[in-house]
1. Take the residues in the stretch 90-122 that are among the basic types (Lys, Arg) and assigned to a strand (DSSP E or B), then tell me which one is farthest from Asp33 (Cα to Cα).
2. Of the numbered conditions (1) on the phi > 0 side of the Ramachandran plot; (2) in contact (Cβ under 8 Å) with a residue 40 or more places away in the chain, Thr116 satisfies every one except a single condition; which is it?
3. In the stretch 39-83, which residues are closer than 15 Å to Gly108 by Cβ and part of a strand (DSSP E or B)?
4. Can you tell me which of Ser46, Ser64 is loosely packed, with under 15 Cβ neighbours inside 10 Å, of a type in the set (Ser, Thr, Tyr) and within 18 Å of Gln20 (Cα to Cα)?
5. Name every residue in the stretch 67-106 that is among the hydroxyl-bearing types (Ser, Thr, Tyr) and within 23 Å of Ser56 (Cα to Cα), in order of residue number.
6. Report yes if Ser64 is closer than 18 Å to Lys25 by Cα and of a type in the set (Gly, Ala, Ser), otherwise no.
7. Report, by residue number, each residue of the stretch 87-122 that is surrounded by 14 or more Cβ atoms within 10 Å (Cβ to Cβ) and within 21 Å of Lys23 (Cβ to Cβ).
Amino acid sequence: MKKITLLLIVIIGTLTANAQLAKSKWKGTLQLDNPLEVIFDFGKDSLFVYTVADNSALETMTFSDSDKVLIIKKVYGQSDCNEVEGKYKYEIKNDELLLTLIADDCTGRSQVLNNTKWSKSK
């Protein structure tokens, strides 16, 4: 019985550690032609990006995260990142999310996401 309980605790801990971004929201500024405040709204496996000013949708992406690596892929939106996966290391500290580029062939996306800080949003 103790082994089963320990195994369940390890499995639940692993699932929680690998799903830190799911069901969370983060606010930040993208440095486009003009700085634009946006929200990153992580669902279970979808990432919705919309503007703070008027809640207009910019991008819809799929995402996965494991071992502090975020993998994103555009489904719909304004960027030219069709069918291109981006990989970013992430760190969460004191309700801040820091994204650092690992690999992303979509230079438009990587230029605006690399080394960005995001604040936890409600």
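Derivation of every value follows stated rules applied to the coordinates shown; laboratory data play no part. The structure displayed is predicted, hence computed values, not measured ones. Cβ placement follows ideal geometry from the backbone for every residue including glycine, while neighbour counts extend to all protein chains displayed.
1. So, considering only residues that are among the basic types (Lys, Arg) and assigned to a strand (DSSP E or B), the one farthest from Asp33 (Cα to Cα) is Lys93.
2. (1)
3. The answer is Val49, Leu58, Glu59, Met61, Ile72, Lys73, Lys74, Gly77, Asn82.
4. The match here is Ser46.
5. Tyr76, Ser79
6. yes
7. Tyr88, Tyr90, Ile92, Leu97, Leu98, Leu99, Leu113, Thr116, Trp118, Ser121
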